[in-house]
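Only one structure is covered here, and it is reproduced in the block below.
Where a number appears in this text, it was derived from the coordinates with a stated rule and is not lab data. What you see is a predicted model, and the numbers here were worked out from it, not measured in a lab. Cβ coordinates were reconstructed from backbone atoms using ideal geometry, including for glycine residues, and neighbour counts include every protein chain displayed.
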Amino acid sequence: MSDTSNPSEESSQALGGLRVLEIGQQIAGPYCAKLLADLGADVLKLERPGVGDGARRAGPFPGKRPDPEASGLFLFLNTNKRSLTLDLSVPAGRDVFLRLVREADALVENNRPGKLEAWGLAPAALWEANPDLVITHISSFGQDGPYRDYQATELIFYALSGMQYITGRHDREPLMHGLGQAQYLAGVNAASATLAALFRAWPTGAGAVVDISIAEMLTRVIFSIANQYAYGGTVQRREPNNGAGLPNSSPVACSDGYVLPSHAGISTHWDTFPEFMGLPELKRPEFEPPTERILRAHEVAAIVEPAFAARSKRDWFHQAQEWRFPFAVVQDAQEILACPQLAERQFFVEMEHPSAERYKLPGPLFRLSESRQPGWRPAPRLGQHAEAVLCGELGLSQEQLHHLRRAGVV
Amino acid sequence: MAADAQLPLAGVRILEPGQAWALPFAITPLAALGAQVIKIEAPIRPEARADGGSSFHELNRNKLGLGLDLRTETGLRIFRELVAISDVVAENFPPRVMHNFGLDYPALKAIKPDIIYLSSTAYGSTGEWRNYTAYGPNIEAAVGLMHVTGYADGPPSRSGVAYSDIVAAYSGTLAILAALAYRRRTGKGQWIDLSQYEAGVAQMGAMLLGYQFTGENQGRWGNHHPVMAPHQAYPCRGNDRWITIACRDEGDWQALRRAMGDPDWARDPLYQTADGRKACEEELDRRMGDWTAGHAAEELQERLQAAGVPAGVAQNGKDVLLNPHLRARGFITHLQLPEPWGRRPHFRAAWPLSGVDPGPDRPAPELGQDNHVVLRELLGYTPADIAALEEQKVVGNRPQATRPGGGVRPTGAAVGQLLALARIIEYDPDPSQTLGLR
């Protein structure tokens with residue numbers, strides 16, 4: 001863990017030399033910028049003076065004691081960034097910001113549509129300072145269209161995207177995923193879209209506006225459901241929970257938790273499935289046609305459920321993989337942190353933050369063989385890099401910085 | 001393809017010996033933004049197409065199709081010749097497959113020193129689980145998502161799609177773009193080892209820190225939220241229609257009360273704080289459901305959003321395609337396919353970038369559709385050479401097998417079964433007309 005990355009280390013990372021400004025809060029904007037930072041971009045996070053990113057107040061906190069420098073969500077989403085507090089709603093703050101824009105390649109933001117314009121930071125103003133700036137907007141529903149100003153939380157994204165309608169039991173209410181997945185999907189896509197726009201900006205000097213809608217990035221996930229209607233006229237529902245989850249790829253109870261058999265076996269490898277399960281009684285002529293196995297799912301379940309329940313989920317997982325059945329284990333946070341495969345691949349990154357205990361964070365989305373992985377600097381304290389950025393890089397005097405601080409701009 | 005020169009990835013050539021979703025979908029936006037993508041399929045194991053699995057066009061539009069048998073020496077030679085003139089190779093086989101073909105990263109780097117090579121695997125290219133396989137839903141289990149998804153009183157649940165394939169695809173797109181950026185600056189290619197498992201866990205940081213900081217494993221909450229209430233999907237008029245409502249704060253609650261006509265029950269002091277509402281959430285959900293049940297979901301969405309309250313219809317696949325916002329945004333695009341399909345709707349393949357117009361999508365290729373273009377124009381083979389290669393079955397455009405998939409157009413009997421099993425809510429024999437495509 002290095003406190004300041006030296007230039008040679010920076011340039012040996014995938015996105016070394018890339019300068020990104022982030023006006024982000026909570027998940028989608030900060031996650032986008034984190035991915036770029038973890039790949040070596042120099043990300044400067046701009047936070048509201050005295051308040052900062054709302055994720056600082058979100059937790060989880062060590063020992064459940066609220067502390068804006070120890071929020072788990074914030075520590076996770078802001079690795080390898082620097083922080084500067086700046087009031088963008090006043091002219092002095094806007095001036096400082098436009099000076100930073102001159103040196104930047106991209107700006108990533110996830111404020112309400114129209115917020116930047118309200119600050120006098122519409123694309124025209126930003127491009128006046130820097131014509132090849134890539135401006136990446138991330139918002140709930142995009143920068144235009146009838147829902148532009150709709151209010152949303154993760155639940156609403158799940159509903160409108162079509163993901164919720166197909167998740168859960170058909171005889172109960174539709175379900176959302178357990179965590180802020182839509183916002184993470186938007187963050188990854190925003191990072192990709194930013195790079196795509198940069199590939200055009202670099203040779204041509206033409207800046208661009210990137211318009212990422214969180215709801216759309218989750219909607220893309222259900223393409224097969226939409227395609228089924230568009231091509232076949234069927235409107236898919238939530239899967240009925242037919243006993244052992246087979247053949248609907250639902251989790252099945254083992255002696256110590258759940259395994260996910262997937263559809264291999266019951267639908268595509270029926271010839272070897274009874275032998276693998278040790279259940280010759282499955283070899284019944286009425287189970288031979290695949291559609292019959294779906295219609296008789298309860299009968300199949302009555303036979304396979306006790307077998308699953310008799311052994312541990314890891315037993316089933318490893319034995320299935322030997323037979324090339326792609327079973328998986330349903331894991332919780334504790335099990336993931338102890339997973340031998342992740343340990344063998346040294347996936348987790350250990351960090352220490354002055355205000356928090358030591359902790360493990362997920363490592364990179366993917367491994368790059370030639371470009372270096374980041375030095376993994378922990379998330380910045382609120383305004384930690386004000387002096388380094390304003391005096392060290394923009395050349396402000398200590399007195400000017402003091403003045404900005406006293407005026408509450410920094 | 002004159003417009004391609006204006007596109008961000010013009011000049012980038014990608015070889016895609018990929019299959020199913022996780023890898024091809026990673027390449028979809030790159031193909032739309034100007035990369036020349038050559039999808040390589042084995043005639044003995046071609047992908048399921050529109051009549052077997054309708055998503056083929058979603059995943060593979062704007063790509064060229066080459067049917068190539070890598071089990072032959074000549075097939076391997078052609079693959080290597082293509083590598084020599086390509087920028088990216090992207091594949092999603094278990095690690096042993098490309099290695100056994102002699103086509104792993106070291107081998108291809110020897111041919112093209114700056115090649116970018118993406119290996120997308122279930123659990124990573126190294127480690128004890130390296131040859132373990134997974135379909136989309138499996139990884140959703142392994143990364144902890146199923147453990148926190150489900151009814152509070154029920155077992156872990158999966159989402160209704162191969163969610164983790166999409167996470168892997170989104171991550172793969174970023175990986176390739178990052179590697180291209182690095183190569184642009186340094187001239188160096190590299191190998192990308194993408195574990196679908198790790199890409200999924202990478203999004204679970206808050207849950208993992210929650211366990212480390214508090215010693216508690218997050219469980220299942222259904223649609224509920226630790227602080228907000230109401231926060232649920234409520235039944236509406238009609239068959240399986242639902243409105244979601246999320247009350248973030250007191251302002252939302254007051255606005256919601258007004259939108260409901262300020263019923264007596266909602267004036268109970270107990271309901272005036274988030275803690276109070278959370279404490280009697282079951283009762284609250286019941287009363288909310290009684291109110292929503294008399295209304296159309298769309299009407300409530302409009303009414304509540306106009307009042308500033310987060311609300312949205314739980315849309316199904318048909319609703320999404322007809323959604324006025326997505327249509328106005330250009331998110332719903334169309335492909336012009338050969339008969340019997342004709343014009344069909346799809347989701348936008350890449351992201352809206354100002355000044356970038358990818359133009360209309362080209363349909364996904366038939367197996368080996370572009371054999372001649374690729375072999376002649378890129379590698380300089382003569383028509384006679386190509387005829388000989390076809391004769392030897394090294395290249396092909398006739399599937400020698402089909403993938404199981406089941407047609408997308410169900411027969412009358414199947415529709416009855418699907419409805420009875422509650423797999424589908426509706427069957428529309430003519431979606432083109434409903435979607436306004438004719």
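Worth a mention:
- Gyration tensor over the Cα atoms of the protein assembly as shown: the corresponding equivalent ellipsoid has semi-axes (square roots of 5 times the eigenvalues, largest first) of 39, 36, 27 Å.
- Contact order relative to length of chain B, as percent, for alpha carbon pairs under 8 angstrom and 6 or more apart: 21
- Dipole magnitude (debye, nearest 20) for the protein assembly as shown, charges at Cβ of Lys, Arg, Asp, Glu: 580
- Over 23 Å between alpha carbons, listed pairs A:LYS313/A:LYS360; A:LYS64/B:LYS278; A:LYS34/A:LYS313; A:LYS34/A:LYS360; B:LYS39/B:LYS109; A:LYS115/B:LYS318: A:LYS313/A:LYS360; A:LYS34/A:LYS313; A:LYS115/B:LYS318
- Per-residue mean of C-beta atoms belonging to partner chains within 10 Å, peptide A:207-217: 4
- Cross-link reach list, aspartates and glutamates versus B:LYS188, counting only Cα pairs under 16 Å and skipping chain neighbours closer than eight places: A:GLU9, A:GLU10, A:GLU370, B:ASP87, B:ASP114
- Dipole of chain A [Lys/Arg +1, Asp/Glu -1 at C-beta], most positive-end residue of A:SER89, A:ALA37, A:LEU279: A:SER89
- Normalising the Debye intensity of chain B to I(0), with uniform scatterers on Cα atoms only, and taking log10 at q = 0.12 Å⁻¹ returns -1.15.
- Basic side chains Lys and Arg get +1 at the Cβ, acidic Asp and Glu get -1 at the Cβ, and with that the dipole of the stretch A:252-329 about its Cα centre reaches some 180 debye.
- Length gained when the stretch A:GLN319-A:HIS269 is fully extended (0.36 nm per residue, less Cα-Cα span): 16.5 nm
- Shape call, the stretch B:184-336: gyration tensor on alpha carbons, a/c limit 1.5: oblate
- Helical contribution to [θ] at 222 nm, DSSP H n ≥ 4, -39,500 (n - 2.57), averaged over chain A, rounded to 500: -9500 deg cm²/dmol
- Charges were assigned to the Cβ only: +1 to each Lys and Arg, -1 to each Asp and Glu. The resulting dipole of chain A about its Cα centre is roughly 460 debye.
- Chain B - mean residue ellipticity at 222 nm from DSSP helices (-39,500 (n - 2.57) per run, n ≥ 4, rounded to 500): -10000 deg cm²/dmol
- When the Cα positions of B:GLY219, B:LEU337, B:ALA142 are compared along the charge dipole of the protein assembly as shown, B:LEU337 comes out farthest toward the positive end, with charges on each C-beta of Lys, Arg, Asp and Glu.
- Using the alpha carbons alone, the radius of gyration of chain A stands to its Kirkwood radius in an Rg to Rh ratio of 1.05.
- Contact order normalised by residue count of chain A, Cα under 8 Å, 6+ apart, percent: 20
- Of the residues B:ILE38, B:ALA401, B:LEU419, the one whose Cα sits farthest towards the positive end of the charge dipole of chain B is B:ILE38 (charges of +1 on Lys and Arg Cβ, -1 on Asp and Glu Cβ, taken about the Cα centre).
- In summary, the convex hull built on the alpha carbon positions of the stretch A:252-329 has an orientation-averaged projected area of 4.4 nm².
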